Amino acid sequence: MRRDEKEWKKRKQKEHAVIFDAVRGVIHEWDPYGLLALGCPQDEFDGEIQAVVRQIDRIGSPQDAVHVLSRIFSSYFEPERFRPENCQVIGAKLYQVLQERGILEGSQ
């Protein structure tokens, strides 16, 4: 692997880690089933967090964030519990954090 390819890969990994940490902070604060508060492992929602990270490019508004969270958590858990109307607050929070950290296109 050439040096510029290694640097590009390293930069992408760092960007991914920043995005993952931002999303993880929001999801952990939300803790939709109270599992983390009960002492479950910190990686309890990492699969869902990773799925959100893969959808970051689809988030351009708070409502987009709501729909991403609703789709992902509905597919992993109970669809009725994670309808868009039930994800409004956390979707707005996720969007706000992504904006504040300069992660979303056009932010900063």
When Lys12 is evaluated against the numbered criteria (1) modelled with pLDDT of 90 or more; (2) surrounded by fewer than 11 Cβ atoms within 10 Å (Cβ to Cβ); (3) under 19 Å from Ile103 (Cα atoms), which criterion, by number, is the only one it fails? (1)
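On the basis of being assigned to a loop (DSSP other than H, G, I, E, B), over 20 Å from Gln96 (Cβ atoms) and within 16 Å of the chain's Cα centre (by Cα), does Glu78 make the cut?
Taking the combined requirement at face value, the residue does not satisfy it.
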Hits in the range 32-58 - residues which are buried (at least 16 other Cβ atoms within 10 Å of the Cβ) and of a type in the set (S, T, N, Q): Gln55
Give me a count of the residues in the range 81-108 that are among the hydroxyl-bearing types (Ser, Thr, Tyr) and assigned to a loop (DSSP other than H, G, I, E, B). 1
Residue count, the range 1-24 (criterion: small (Gly, Ala, Ser) and out of contact with any helix residue (DSSP H, G or I) (no Cβ under 7 Å at 6 or more places or on another chain)): 1
So is Ala22 part of a helix (DSSP H, G or I), without any contact (Cβ under 8 Å) to a residue 60 or more places away in the chain and among the small types (Gly, Ala, Ser) or not? no
Cβ-Cβ under 7 Å, sequence separation 6+ or interchain: first residue in the range 38-64 and assigned to a loop (DSSP other than H, G, I, E, B), partner exposed (fewer than 14 other Cβ atoms within 10 Å of the Cβ) and not charged (D, E, K, R). Which pairs? Glu44/Leu35
For a quick check of your reading of the model, give me the residue pairs whose first member lies in the range 80-104 and is β-branched (Val, Ile, Thr), whose second is surrounded by fewer than 17 Cβ atoms within 10 Å (Cβ to Cβ), with beta-carbon atoms closer than 8 Å and at least 6 apart or on different chains. Val97/Gly25; Ile103/Val18
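The values are calculated or read from the model by the stated rules, or taken from the named source; none is laboratory data. These figures come from a predicted structure and were not determined experimentally. Cβ: placed from backbone, ideal geometry, glycine included. Neighbour counts: every protein chain shown.
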